[in-house]
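Here the structure comes first, spelled out in structure tokens, and everything after it is commentary.
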Amino acid sequence: MKQQVLVLYLNTSALDSEVLAWAFYDGTGKTDPTTGDSDLPPYDSGTEALRDGWRLFQASQLLPPYPGHEYDTSFMKHEFFFEKLE
Amino acid sequence: MTTTAPLLSSVEVARFVANGFHRMDAVVPAELNEQAIGVLDAGIPHVPYGTPVAKAFEEGSFARRLIEVPAVAGAIRSLVGPDPTVDHHAVHIREPHEGSAQPLHGDAIIDTRADAFDVQLMYYPQEVTGTMGGTLSVPGSHLRRTNESDTGRYQNLRGQTRLTCPAGTVVLLHHGIWHGGRRNDSDIRRYMFKIRFNPTVPQVRLWDVADLDDPRIPQELSRYFPWCEHATARLEIFNRIKLWRALTGDASFDIDYWATRVANRPGRAA
């Protein structure tokens, strides 16, 4: 069994919110995804990925901003990791 | 660097503050583009970090003629002012069918300057088609505080720019913008020449400010980008307000009360 990993970055912390960014890593070797290879996300929301058989295994935590850095922006906030096994 | 080149307008600089880049398609004359690949293959002489432009690039040299193209010179002056120094320069080549893309990154190291920025010139001497792996960049990402390739996990973002352009295109980038060379799936070697400029004067009202009250300025600064979380997008606007205040010297500038509201503490000392 080999793992395929899909990472979706969503608009809010809700799993059914819109996909804003994405990455795909393919342990089967059948595809060779890389940076900047697509302008269209594979799914419109996190739940759409679930309906297609992807299993959620990690979601970013909701962390309060560090004091004094409430207005700073940094990494994408709402990151969800999914897997499929083939 | 002295120039009588056309300066950017306030609306154009506001667009730069929101987008993190200023793009000029086919701005470099064909005569220079035709010489470029030979010159870039031969190599542009290395210069120490922080060398004044006039010392870094001799009068009449290819690089000097490139940055003296009037529209290019005017845009550089509008953003980093007269007499910037050359931080460094580099020729980037993506070989045909090169295996992978660069990870998404910001250049140098995390850079938290709130009232100053460097500009990176990227010059494309040849037409760049979709399969040639033109530079990927993420409009509006430049104010996010991330370090170099720590963003490498992100492969694609809604609204990203996968650059295609005619020969002679120049893009001026804010130092913080997320970008990367894409995989070149074509049979053609792709060239890009980069120069990073450091300002040597305060970056305040360096452009043509005749239109400083144009109502399109707050519209430009209020832009939402498709990749940006709705909540974080409000913080991006707040941070653009702060940068616009620094660039204009107008500490009262605001949009939709975002900055004023959270600073209102009646009767309290700073």
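The values are calculated or read from the model by the stated rules, or taken from the named source; none is laboratory data. From a predicted model like this one, the values you see are computed outputs, not experimental measurements. Neighbour counts are summed over all protein chains in view; Cβ atoms, including those assigned to glycine, are modelled from backbone coordinates with ideal geometry.
Those residues that are exposed (fewer than 14 other Cβ atoms within 10 Å of the Cβ) and not acidic (Asp, Glu), I need them from segment B:3-34; list them, please.
Step one: filter segment B:3-34 for residues exposed (fewer than 14 other Cβ atoms within 10 Å of the Cβ), giving B:4, B:25, B:29-31, B:34.
Within segment B:3-34, B:4, B:29, B:30 qualify.
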Review point. Residue B:224 fails exactly one of the following numbered conditions: (1) away from chain A (no Cβ under 14 Å); (2) surrounded by 13 or more Cβ atoms within 10 Å (Cβ to Cβ). What is the number of that condition?
Key: (1)
Check your understanding: Would a scan of segment B:25-39 turn up a residue that is in a strand (DSSP E or B) and modelled with pLDDT of 95 or more?
Key -> no
Exercise for review: Report yes if some residue within segment A:69-78 is closer than 25 Å to residue B:149 by Cα, free of Cβ contacts under 8 Å to residues at least 40 places away in the same chain and among the small types (Gly, Ala, Ser); otherwise report no.
Suggested key: yes
Point to revise | Filter pass, residue B:97 being in the same structural domain as residue B:186 (by TED's automatic domain parsing), surrounded by fewer than 20 Cβ atoms within 10 Å (Cβ to Cβ), in a strand (DSSP E or B) and not hydrophobic (A, V, I, L, M, F, W, C) | key: no
Practice item. Within segment B:183-217, track down each residue that is touching a Ser or Thr at 6+ places or on another chain (Cβ under 7 Å), buried (at least 20 other Cβ atoms within 10 Å of the Cβ) and within 14 Å of chain A (Cβ to nearest Cβ). Key: B:183
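Criterion first (of a type outside the set (Val, Ile, Thr), in a loop (DSSP other than H, G, I, E, B) and in contact (Cβ under 8 Å) with a residue 60 or more places away in the chain) does residue B:75 satisfy it?
Details: of a type outside the set (Val, Ile, Thr): yes; in a loop (DSSP other than H, G, I, E, B): no; in contact (Cβ under 8 Å) with a residue 60 or more places away in the chain: yes.
No: the conditions fail for residue B:75.
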Check your understanding: Tally time: how many residues in segment B:134-169 are more than 9 Å from every other protein chain (Cβ to nearest Cβ), within 16 Å of residue B:112 (Cβ to Cβ), assigned to a loop (DSSP other than H, G, I, E, B) and not polar (S, T, N, Q)?
Key -> 1
**Study point:** Scope segment B:100-131; condition more than 30 Å from residue A:68 (Cα to Cα), part of a loop (DSSP other than H, G, I, E, B) and of a type in the set (Gly, Ala, Ser); matching residues
**Key:** B:100, B:101
Check your understanding: Tell me, which residue of segment B:170-186 that is outside any loop (DSSP other than H, G, I, E, B) and under 21 Å from residue B:114 (Cα atoms) is farthest from the chain's Cα centre (by Cα)?
Key -> B:179
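Out of curiosity, is residue B:134 farther than 23 Å from residue B:189 by Cβ and buried (at least 17 other Cβ atoms within 10 Å of the Cβ)?
no
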**Study point:** Residues of segment A:40-86 satisfying the condition of being over 20 Å from residue B:153 (Cα atoms), within 11 Å of chain B (Cβ to nearest Cβ) and touching a Ser or Thr at 6+ places or on another chain (Cβ under 9 Å)
**Key:** A:72
